[in-house]
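In what follows, a single structure is set out as structure tokens and then discussed.
Just so it is clear, none of the values below were taken in a lab; they were calculated from the coordinates. Quick caveat, the model's predicted, so the values are computed rather than measured. Don't worry about glycine lacking a Cβ; one is built from the backbone with ideal geometry, like all the others, and counts go over all protein chains shown.
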């Protein structure tokens, strides 16, 4: 198997990280819309991408009419909860841009259970695939974070989601029982993306970033992010990249 080419960019701080990511988004979205008429992205929650979403929300001249926004993962909590990823992304980005409501694809947590929530989200993805005439979703841009334990999206070490090959979205119970149940895209969907960008900030991420980039632990979920044909980009602040040579 051909080694995955990783593009690694180091910036001073979160502000520069956000500026870089906005430029990437603009370049890729405009290029994809010229080629095929639409652009699709899957977004993650967490603190690190907040500044990116805020700055992206100012891009009023971006092609929002032809943009589809999906979620990478979600906690099984009400929309009103501060832990709800979609609520944060909506507040920081979506309500400020001229995107069509039908082009926004949240993971709805109003379902009876995490499993039914994941199934409903998967059905939405399948419906989208039919409209763009693909069998497997191929997102143009996926934003991922990375946990200190090496998890990404809501795919945790030693959980069944790691080996799921058929489903587009699954529910998962994190190993840490104090954490909420979640719904997540699977690695088969993530690894079919055209561009995957990891955002990592802070010295507490330095050790795991080194392990993932250097291939020191191939069993970590973040290390299993290996796009078949797309680009894999690591965008780090100086602290997160401090252990890289």
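Numbers at a glance
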| item | result |
| --- | --- |
| Computed lengthening from residue 104 to residue 47, 0.36 nm per intervening residue step minus Cα-Cα distance | 18.4 nm |
| D_trans [Stokes-Einstein, Kirkwood Rh over alpha-carbon pairs] for the range 1-119, 25 °C, 0.890 mPa s, µm² s⁻¹ | 157 µm²/s |
| The chain - share of DSSP beta bridges that are antiparallel (%, nearest 5) | 25 percent |
| Average Cα contact separation per residue, the chain, under 8 Å, 6 or more apart, as relative contact order % | 23 percent |
| Surface/4 of the Cα convex hull for the chain, nm² | 12.6 nm² |
| Computed FRET value (nearest 0.05) for residue 128 with residue 77, which takes r as the C-beta separation and R₀ as 25 Å | 0.55 |
| Length released on extending from residue 9 to residue 204, taking residue separation times 0.36 nm less the Cα-Cα span | 68.4 nm |
